[in-house]
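This report refers to the structure that appears directly beneath it.
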Amino acid sequence: MKDILDVHIHTTASRHAYSTFGEVIAAAKQKNLELVGIADHAPSVPGAVHKFHFVNFKVIPRDAYGIKIVMGAELNVIDYSGSTDLPAQILKKLDYAIASLHRECIESGSVEENTSAIIGAMKNPHVVIIGHPDNPQFPADLDAIARAAKDFGVLLEVNSSSYLPNSHRTGSAENAKLMLAACKKYGTKIIMGSDAHIDLDVGNHELSQKVLAENDFPEELVVNTDTEKFFDCIRYRNSLKPKGA
Ligand SMILES: [Zn+2]
Ligand SMILES: [Zn+2]
């Protein structure tokens, strides 16, 4: 499958990641990506960047170094209604946001609570992607999530790092089966993400590709094949924002 974009990448701005902005760009070019997206952790994760990190994205050209660049954030969902941890005036500086549940920021609730947290985050039009929704640490109704993602025009992530044998999100591949079956049923689009914390992993979707192949997932629902498919999702989500947001 053609795979020319990766928008779930962390840099040294998140202090548990190990490559700089420049190293990430260089790695993306070396892997022949057409689009690279940096989504450092929003402030609730320990050691994450200060919120001012997200305010100055205007200095970063979006088409430079011979590659398209988008600048975003990986937001933390912080309650079961789907609130996230950057205020609206900062969210509007981002090209896109990923919203994820992380144990450092919210305890797993019941299936109903976790599902409501994820679907609640989709109601925020700055959110374009739900990060690692198949994480078994947060059991959720993946059928309802896939249906809501289709309705809201939000992408569900197939996160390569989740399927590593040493991942703390053990069991994600099993949950991915349920999630991908529901995505096929509803026509929900997905995005592969590396969740790279070092330049070597930029664009590394090997395990995501394997999970998609094992589940016979249709290529037309994968946005990594064409940058316009991803930009279409951003445009659609932008169209839902109130004026000036
Ligand atoms: Zn995450
Ligand atoms: Zn991440």
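Ranking S161, S172, S108 by Cβ neighbours within 10 Å, fewest first, what do you get?
Going from least to most buried by this count: S108, S161, S172.
Just add up the charged neighbours of D226: K/R +1, D/E -1, any other residue whose Cβ is under 13 Å from the Cβ of D226.
Result for the local shell: -2.
Please give me the summed charge of the neighbours of I67: other residues whose Cβ is under 12 Å from its Cβ, Lys and Arg +1, Asp and Glu -1.
Spelling it out: positives minus negatives among the neighbours equals +1.
Could you let me know the centre-to-centre spacing of region 175-233 and region 11-33, using Cα atoms, in angstrom?
21
Can you tell me how much longer the chain between K92 and F52 gets when fully stretched, taken as 0.36 nm per residue apart minus their C-alpha distance, in nm with one decimal?
Taking 0.36 nm per residue and subtracting the Cα distance, the gain is 13.1 nm.
With 10 angstrom as the radius, rank H102, H197, H50, H205 by how many other C-beta atoms surround their C-beta, starting from the fewest.
Exposure proxy ranking, most exposed first: H50, H197, H102, H205.
For D195, what charge total do you get from the other residues with a beta carbon under 11 Å from its beta carbon, if Lys and Arg give +1 and Asp and Glu give -1?
-3
Can you tell me the relative contact order of region 5-239? Whole percent, Cα pairs under 8 Å, sequence separation 6 or more.
Averaging sequence separation for qualifying contacts and normalising by length gives 20 percent for region 5-239.
Take T170 and D226, extend 7 Å from each Cα along the Cα→Cβ direction, and tell me the distance between the two endpoints in nm.
A separation of 4.1 nm, rounded to one decimal place.
At 0.36 nm per residue, and after removing the present C-alpha to C-alpha distance, how many nm does the segment from D216 to T20 gain when stretched out fully?
Length difference between fully extended and current span is 67.0 nm.
In nanometres, what is the gap between the two model label sites at V111 and S83, each 7 Å from Cα along Cα-to-Cβ?
Placing both labels 7 Å along Cα→Cβ, they lie 2.7 nm apart.
Along the charge dipole of region 5-239, Cβ charges K/R +1 and D/E -1, which of G22, H10, I191 sits furthest on the positive end?
G22
Counting only Cα atoms, I'd like the Rg/Rh figure for the chain, Kirkwood definition for Rh.
Here the Rg-to-Rh quotient is 0.92.
Would you mind telling me the antiparallel percentage of the DSSP bridges in the chain, rounded to 5?
Antiparallel bridges: around 10 percent, rounded to the nearest 5.
What residue among V49, V128, V77 shows peak mean-square fluctuation when the chain is described by a Gaussian network model with Cα springs under 10 Å?
Result: V49 has the largest fluctuation of those listed.
Take N238 and K2, extend 7 Å from each Cα along the Cα→Cβ direction, and tell me the distance between the two endpoints in nm.
If labels sit at N238 and K2, their model points lie 2.2 nm apart.
FYI, it's all coordinate maths here, none of it is from the lab. In this text, all values refer to a predicted model and were calculated from it rather than measured experimentally. Here Cβ is always computed from backbone atoms with ideal geometry, including for glycine, and neighbour counts include all displayed protein chains.
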